[in-house]
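The values are calculated or read from the model by the stated rules, or taken from the named source; none is laboratory data. Given the structure is predicted, the values throughout are model-derived calculations rather than measurements. All Cβ positions, even for glycine, are placed from backbone atoms using ideal geometry, and neighbour counts span all protein chains on display. Ligands, DNA and RNA are stripped out before the accessible areas are found, and what is left, the full protein with its side chains, is counted by its heavy atoms. Shrake-Rupley method; radii C 1.70, N 1.55, O 1.52, S 1.80 Å.
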Amino acid sequence: VLTSSVDPKSQKMVFGLNVLKIDRSLKPTINSENTKILFVEDEDSVRAFGVRALKKKGFEVSACNCAENALELLEKQEKFDMLITDMVMPGISGAELAKIVKKKLPEIKIILASGYSEEIAKRELAGSDDFEFIAKPYSLGDLTQKVFDVLDKGQG
């Protein structure tokens, strides 16, 4: 007999993401409806769930499956408030994408997602502290909370 101290009702794992852990009590101080997010993730399931969670919170989200597609989209529609990108992707890495986007849009907020530690992420960005970090795997609640926290920081 296996026993677990975790309440099974608080766990609904879908592709490694706990979809029931979304905190419905969040009271953001920013208006999500006017916030455009560019979400770059090469794993289809993670991208789909992340985009859905952010859209449910009222954000306008554009999703890309690689950095190259994200850069193409930026050429057509350059106004984004936030970039959320996986660090490890085929082709251009998330760290490289973050550097390119930051040059093009200096005011953009950036969240890097990685299964590696934040220290490794910082090393890849060569000392730039101009980004936030979220560890993978993350729950959808963790993701939306991180987005609100990062956007709230910019309001002060």
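Things to note:
- Here the Karplus relation 6.51 cos²θ - 1.76 cosθ + 1.60, evaluated at θ = phi - 60°, turns the backbone of the stretch 57-70 into coupling constants of 8, x, 6, 8, 10, 10, 10, 9, 9, 7, 5, 4, 5, 5 Hz, with x for every Gly and Pro.
- Stretching the chain fully between residue 71 and residue 116 yields a gain of 13.8 nm (0.36 nm per residue, less the alpha carbon separation).
- Split the accessible area of the stretch 31-107 by element, probe 1.4 Å, and carbon with sulfur accounts for 48%.
- For residue 109, the residues whose modelled amide H falls within less than 5 Å of its own, excluding neighbours fewer than 5 places apart on the same chain, are 82, 83.
- Segments 71-84, 94-107 sorted - mean Cβ within 10 Å per residue, highest first: 94-107, 71-84
- One decimal place: the segment residue 104-residue 55 gains 15.2 nm when fully extended, by the rule 0.36 nm per residue minus the C-alpha distance.
- Close amide-amide hydrogen proximity is noted between residue 89 and 94, each under 5 Å apart and 5 or more residues distant or on a separate chain (H modeled in the peptide plane; Pro and chain starts excluded).
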